[in-house]
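What follows is a set of notes on a single structure, which appears directly below.
No value in this document is a laboratory result; all are computed from the given coordinates. Note that the coordinates shown come from a computational prediction; the quantities given were computed from them, not determined experimentally. We place every Cβ from the backbone using ideal geometry, glycine too, and count neighbours over all the protein chains shown.
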Amino acid sequence: MSELNLKSFDIPVLSYLSEEHFIAIEELSSKLSLSRIDIEKQVQQLEQLGYSLATDEKRRLRIISRPDILLPIEIKNKLTSSYIGQTIYYFPALTSTNTIAKKKLIEKIEKIPEGTIIITEKQSGGKGRSGKRWYSPQGGIWFSVILYPDLIPSNILIITLMTAVAVAKTIHQLFPQISIQIKWPNDLLIEDRKVCGILTEATTNKKNAKWVILGIGINANNDLSELPEDIRKDSISLKEVAGQLIPRALLVSDLCVQLEKWYEKLKRKDFISILKEWRLYSNIIGKEVKIDTGGKIITGEVIDLTRSGALILKIDKGKIKEIISGTVLK
Ligand code: BTN
């Protein structure tokens, strides 16, 4: 894993450089209280990262093009949330953002504010549900959010549903032409193929959750040809359906805003609003489904969801069964 070297990705000149206006090095240096040499070093760093800059006759600077990179400052430039995404740990590559988040929470070396995100360009050991591997090549959006909800353990499922709503709404707002569906509990599908998966990991004591790690994986600009054949056939990338490169930093910052909006409802125990929105993106209610609940296959008609997001199934002879975890097979 290449550990974060925060300093090297902390490039404050980026807050003042834009595509629209030229800015003088002297002005950058007075705005940031940095020497001219420090500013020039940051400019060099930007060029190394793939930013292309133009200089005018007065040696003022302007951005011509940006690389597709998830630098914290690129996410924060557009961020209007008050805590989700306000602290960002960025890694060019790592094993799994969930694993690193967990490590940080367990080691307690520093205080991790609620809403902190761990984000990376690629994962070598990405984790999916049920112990499955999650392929996470360059170009996707792979990140984890740390939350401290005041929830009893049996209500943790609603966090996954809330996250699915936030992702669906973010994608819908950016690309209204794309029709996105939620598959219970944690998959987002476009044209019946998976575009996003959510892995919620929590540590609870008897009464409530101590912390929750929300792992979100979105096939954004990654090439599906890098996925194994069996996974590729059921996957789709946003760039493929949108027909354009996805502005990943913008998507992440919009998603942080949506997550905060829906998490605030969750904190107020307004589960009804979350479930209402969830139903708009799902067509499972009233359907006959087959669910794999860890080896046991249960078939039935979905009557509704419980207040905490479990499926209420009508199984044989009209018997009612609640399912709190499993994979919907059809
Ligand atoms: C699934 O559908 O099986 C859940 C996939 C979750 C993948 C994300 S990518 C970011 C975070 N880190 C991980 O290792 N997994 C989650």
**Prompt:** Going by how many other beta carbons lie within 10 Å of each one, how would you line up Phe143, Phe175, fewest first?
**Reply:** Phe175, Phe143
**Message:** If amide hydrogens are placed 1.01 Å from N in the peptide plane, which non-local residues have theirs closer than 5 Å to the one on Thr204?
**Reply:** Lys210
**Gaussian network model of the chain, springs between alpha carbon atoms under 10 Å - residue of Gln244, Gln123, Gln138 with greatest fluctuation** = Gln244
**Request:** Rank Thr306, Gln244, Tyr281 by how far each Cα sits towards the positive end of the charge dipole of region 244-307 (+1 on Lys, Arg Cβ; -1 on Asp, Glu Cβ) and give me just the farthest.
**Result:** Thr306
**Asked** Using the count of nearby Cβ atoms within 10 Å as a rough guide to exposure, how do Ile231, Ile323, Ile182 rank from fewest to most?
**Response** Ile231, Ile323, Ile182
**Item:** Nearest 10 degrees, 0 to 90: helix 271-280 Cα axis against the chain principal axis
**Value:** 90
**Asked** So what J values fall out for region 105-122 if you push phi through Karplus, 6.51 cos²θ - 1.76 cosθ + 1.60 with θ = phi - 60°, rounded to Hz, Gly and Pro as x?
**Response** 5, 6, 6, 6, 6, 9, 6, 9, x, 4, x, 4, 10, 10, 9, 9, 7, 7
**Message:** Which of the three applies to region 1-122, rounded, prolate or oblate, going by the alpha-carbon gyration tensor with a ≥ b ≥ c and a/c under 1.5 meaning rounded?
**Reply:** prolate
**Message:** Could you tell me how far the Cα centroid of region 133-157 sits from the Cα centroid of region 204-264, in Å?
**Reply:** 9
**Complete:** Candidates Ile69, Ile37, Ile25; GNM for the chain (alpha-carbon contacts under 10 Å) flags as most fluctuating Ile37
**Complete:** Phi-derived 3J(HN,Hα) across region 82-87 with the Karplus relation (6.51, -1.76, 1.60, θ = phi - 60°), rounded Hz, x for Gly and Pro, is 9, 9, 6, x, 6, 10
**Request:** Please order His21, His172 by the number of other Cβ within 10 Å, starting at the fewest.
**Result:** His21, His172
**Prompt:** Among the DSSP beta bridges whose two residues both lie in region 21-151, what percent are antiparallel, rounded to the nearest 5?
**Reply:** 70
**Message:** What is the angle, in °, between the Cα long axis of helix 248-267 and the longest principal axis of the Cα atoms in the chain? Nearest 10 is fine, range 0 to 90.
**Reply:** 50
**Message:** Amide H of Lys194 versus every other amide H placed in the peptide plane: which residues, excluding those fewer than 5 positions away on the same chain, fall under 5 Å?
**Reply:** Ser235, Ile236
**Fill in**
The extension gain from Ile324 to Ala93, computed as 0.36 nm times the residue separation minus the Cα-Cα distance, is 79.8 nm
**Prompt:** Kirkwood hydrodynamic radius of region 220-302 from all distinct Cα pairs, in Å?
**Reply:** 16.4
**Prompt:** Along region 48-56, what does the Karplus equation 6.51 cos²θ - 1.76 cosθ + 1.60 (θ = phi - 60°) give for ³J(HN,Hα), rounded to whole Hz, x for Gly and Pro?
**Reply:** 5, 7, x, 6, 10, 10, 10, 10, 8
**Prompt:** Semi-axes of the equivalent ellipsoid of the chain: what are they in whole Å, largest first, if each equals the square root of 5 times a C-alpha gyration tensor eigenvalue?
**Reply:** 40, 21, 18
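Above 18 angstrom, tally the Cα pairs of region 127-259 and express them as a % of all pairs, no decimals.
Every Cα pair in region 127-259 considered, those over 18 Å come to 53 percent.
Would you kindly state how much longer the chain becomes between Asn77 and Ala54 on full extension, computed as 0.36 nm times their sequence separation minus their alpha carbon distance, in nm to one decimal?
Working: separation 23, 0.36 × 23 = 8.28 nm, distance 2.07 nm.
Using 0.36 nm per residue and subtracting the Cα-Cα distance, I get 6.2 nm.
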**Request:** Among Lys127, Lys194, Lys319, determine the one that fluctuates most according to a GNM of the chain built with springs between C-alpha atoms less than 10 Å apart.
**Result:** Lys319
